[in-house]
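Student: Sharing a structure below in C-alpha cells format, with a few things to ask.
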Amino acid sequence: MKRFVSSLPLILLLMTGCAGMGDPRDNAIELMPGHPYEVMTPGHRYFTFILNAPARVVLESHTFPGDTGVVAPAGQLLDADGQLVERDWNSGHNSNFRIERQLEAGTWYLRVTTPHASLGSFGMMERDYRYSVTLRVDKSR
C-alpha cells in the first residue's frame with residue numbers, strides 16, 4: 001500500500017495526460033477595450049484581442065496603491081503565431097508595463113508575468129499580486 005501511495009502523483013499525471021503540454025494561448029482571456037481585467041494572483045496569464053482593421057493599441061498594467069514597486073507585471077505582445085513582437089517591464093506609470101504600437105488587423109496575444117513573485121515558507125504566496133490590464137484601441141490613426 002505504501003508503494004502505491006508514493007506512486008499516486010505519477011499515476012494521476014499519466015491518467016490526466018500531459019495537460020501542461022497544450023498551447024496556453026488556447027485559454028487566453030479576451031481583452032475588451034475600455035474594460036480592465038483584474039488579476040489577483042502571481043504567475044503568467046495570456047490575454048487575446050482581435051483587431052478588425054489596423055489600429056494603434058495601448059496595452060498596460062495598473063498596480064494598486066501600496067503595491068507600486070512590489071507587484072511588477074511584465075508584458076509581452078505576441079502575434080497570432082505566438083512570436084514576440086514587443087515587450088516591456090516598466091515604462092508605464094508607477095513602473096507598470098506599457099506597450100503602445102500600431103498593429104495590423106488580426107488576432108493578437110498579451111502574455112503577462114509577475115517575475116518577482118515568490119512562494120513563502122509554507123508554499124503559499126505571502127501577499128496578493130493585484131493588478132489590472134487594459135487595452136485601448138485608437139482606429140483613427
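Student: Residues being under 16 Å from the mean Cα position of the chain (by Cα) and at pLDDT 90 or above: count how many of those fall in the range 38-88.
Tutor: 25
Student: Does the range 76-95 hold any residues that are part of a strand (DSSP E or B) and more than 14 Å from Ala28 (Cβ to Cβ), and which are they?
Tutor: Selection gives Leu84, Val85, Glu86, Arg87, Asp88.
The values are calculated or read from the model by the stated rules, or taken from the named source; none is laboratory data. Treat the numbers as computed from the prediction; the structure is a model and nothing was measured. Counting neighbours? That spans all protein chains shown, and the Cβs are built from the backbone with ideal geometry, glycine included.
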